[in-house]
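Only one structure is covered here, and it is reproduced in the block below.
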Amino acid sequence: MPRYVKCISFFMVKCYNFGVVMYMESIYNKTFDELVAYFETIGEKKFKATQVFDWLYVKRVKSFDEMSNIKKDIIDKLKEDFVIGNIELDSVERDVEVNKYLFVLSDDNHIESVLMRHDYGTSICISSQVGCNMGCRFCESGRVKRIRNLTAGEMVEQILKVEEDIGNRITHVVIMGIGEPFDNFDNFKRFVEIINYQKGINIGSRHITVSTSGIIPKIREFASFPYQVNLAISLHAPNDEIRNDLMPINKVYPLKDLIKEIKNYIKTTNRRVTFEYILLDGINDSITCANELCDLVQGLNCYINLIPYNETNNFGYKRSKKETISQFYDIIKKRKINVTIRREFGTNISAACGQLRSKKEDL
Ligand code: SAH
Ligand code: SF4
């Protein structure tokens, strides 16, 4: 299958300087209900959608021709309307507990996914956009503005390709790779619907976590999302002064409003929120910061995940010293707030969010 198909298609149209290239839609982009609707519009029975989902997600075929219980004329129609997948594996870096995958998309952009092995299973961290418009000052992904959103199909395919590589099923999914998922909200929702579908990939919603830099209107919308997906908030600072410097989004949605929205989310959903807090040497890791952080989240149904910073060459930030991290942790623990220090994965293999892509694309 050529990486991109220059042909007339009714679906995804991408414009480039050199003209118009039309891409065929990946069938992985369709939710089950949409596939049912598709079969209805072409005058076929609904159960064809069940059969196709089974071929794609249970039997994992790579071509429509392998769908042996589907009639030839329907196979031809499917081939006319869809491709089976449109991302390709570029390279993998492997370590004991972590594999880092670089994928190339049909428009030659690159994204990355990380597989992590835990005692409770395997998790995958997937990308949701090419680049990110949030521009956080410590993050490789935010160094380049969003080029485009990933389709739900491209998110789904990261899971399929990694499962194929490891020869096993992934148990947990986190949307914490390149991009801001709440800035690609519709595709994020569609992605969850596809991977959660029981007769498909079937990843339970409680095994899915989405991380956001704090886009308030989307947090509000997410509170009524009918899937019990876990929410993580990239906090990284205990006050507006530091957060404004680290995360420009804070100037649009300051901490007071963010915390108010999170309270509303917890009240509506009755679910616990995770706060991610990267510890940056001399920036946000003082005793005062630890106490301010506790004051900020006190009383919320939450836990704090302290993240040792993965240093990259492109920013001046340094990871906090081991003793500082321990001291920060102890202060929070004493205040009886749930806290963990994130286990480290892949510092040896460029595992910080967006680093592989930066290397590959020379960004
Ligand atoms: N855009 C979303 C999700 C992707 S970023 C968000 O910001 O939440 C996922 C997490 O990785 C965020 O908490 C982010 O702050 C963190 N991160 C980014 N660069 C990092 C680095 N160099 N070291 C450690 N964590 C990093
Ligand atoms: Fe974007 Fe998240 Fe990186 Fe900020 S931390 S630039 S929101 S990917």
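The values are calculated or read from the model by the stated rules, or taken from the named source; none is laboratory data. All figures in this text were calculated on a predicted structure; none of them were measured in a lab. For neighbour counting, all protein chains shown are included, and Cβ atoms are generated from backbone atoms with ideal geometry for every residue, glycine included. Just so you know, the surface numbers come from the protein's heavy atoms only, side chains and all, with ligands and any DNA or RNA stripped out. Shrake-Rupley method; radii C 1.70, N 1.55, O 1.52, S 1.80 Å.
Using a probe radius of 1.4 Å on heavy atoms only, what accessible surface per residue do you get for the chain? Whole Å² is fine.
On the way: 16520 Å² over 363 residues.
Per-residue accessible area for the chain comes out at 46 Å².
In whole angstrom, note down how far apart the Cα centers of region 95-118 and region 167-224 are.
17
Would you list, by chain and number, the aspartates and glutamates whose Cα falls below 14 Å from the Cα of Lys334, excluding same-chain residues fewer than 8 positions away?
Partners found: Glu292, Asp295.
Before anything else, pin down the relative contact order of the chain: Cα pairs under 8 Å, at least 6 apart, normalised by residue count, whole percent. Write down the numbers at each step before the final one.
Working: 666 pairs, mean separation 48.5, N = 363.
Taking the mean separation of contacting Cα pairs over the length of the chain, I get 13 percent.
So which of Lys79/Lys189; Lys189/Lys267; Lys30/Lys267; Lys30/Lys161; Lys72/Lys161; Lys251/Lys321 end up more than 23 Å apart by C-alpha?
On the way: Lys79/Lys189 26 Å; Lys189/Lys267 21 Å; Lys30/Lys267 32 Å; Lys30/Lys161 17 Å; Lys72/Lys161 27 Å; Lys251/Lys321 29 Å.
Among Lys79/Lys189; Lys189/Lys267; Lys30/Lys267; Lys30/Lys161; Lys72/Lys161; Lys251/Lys321, the Cα-Cα distance tops 23 Å for Lys79/Lys189; Lys30/Lys267; Lys72/Lys161; Lys251/Lys321.
Applying 1/(1 + (r/R0)^6) with R0 = 41 Å to the Cβ-Cβ distance of Asn244 and Ala37, what FRET efficiency is obtained, to the nearest 0.05?
Numbers: r = 46 Å, r/R0 = 1.11.
Between Asn244 and Ala37 the formula returns 0.35.
Which angle from 0 to 90°, rounded to the nearest 10, does the C-alpha axis of helix 255-269 make with the longest principal axis of the chain?
60
For helix 72-81, what angle does its Cα long axis make with the longest principal axis of the chain, in degrees from 0 to 90 and rounded to 10?
Once rounded, the angle reads 50 degrees.
Using a Förster distance of 41 angstrom, determine the FRET efficiency expected from the C-beta separation of Asp108 and Lys45, and round it to 0.05. The partial results should precede the final answer.
Values: r = 39 Å, r/R0 = 0.95.
Plugging the Cβ-Cβ distance into 1/(1 + (r/R0)^6) gives 0.60.
By how many degrees, between 0 and 90 and to the nearest 10, does the Cα long axis of helix 287-297 differ from the longest principal axis of the chain?
On a 0 to 90 degree scale, this one is about 60.
Antiparallel versus total DSSP beta bridges in the chain: what percent is that, nearest 5? Write down the numbers at each step before the final one.
Values: 25 of 52 bridges.
Approximately 50 percent, going by the DSSP bridge assignments.
Mind ordering 39-46, 286-293 by average Cβ neighbours within 10 Å, highest first? Please report the intermediate quantities before stating the final value.
Details: 39-46: 12.8, 286-293: 17.1.
Going from most to least packed, we get 286-293, 39-46.
Could you work out what % of the accessible surface of region 237-311 is carbon and sulfur, using a 1.4 angstrom probe and leaving DNA, RNA and ligands out of the count?
Numbers: 1510 of 3240 Å².
Ligands and nucleic acids excluded, carbon and sulfur reach 47 percent.
At 0.36 nm per residue, minus the direct Cα-Cα distance, what do Val96 and Ser286 gain on full extension? Give it in nm, one decimal, please.
On the way: separation 190, 0.36 × 190 = 68.40 nm, distance 3.33 nm.
Gain on stretching Val96 to Ser286: 65.1 nm.
In what sequence, highest mean first, do 167-173, 189-195 appear when ranked by Cβ atoms within 10 angstrom? Don't skip to the answer; put the middle values down first.
Details: 167-173: 16.0, 189-195: 23.4.
Peptide ranking by packing, descending: 189-195, 167-173.
Within 10 Å, count the other beta carbons around each residue, average over each peptide in 58-66, 92-100, and list them highest first.
Details: 58-66: 13.1, 92-100: 16.1.
Per-residue Cβ counts within 10 Å, averaged per peptide and sorted highest first, yield 92-100, 58-66.
Per DSSP H run of n ≥ 4, the term is -39500 (n - 2.57); total these for the chain, divide by its residue number, and report the mean residue ellipticity at 222 nm rounded to 500 deg cm²/dmol.
On the way: 12 runs with 119 residues, N = 363.
Value at 222 nm, helices only: -9500 deg cm²/dmol.
For Arg220 and Asn168, calculate 0.36 nm times their separation in residues minus their Cα-Cα distance, and state this gained length in nm to one decimal. Provide the component values of the computation, followed by the final result.
On the way: separation 52, 0.36 × 52 = 18.72 nm, distance 3.55 nm.
Here the answer is 15.2 nm.
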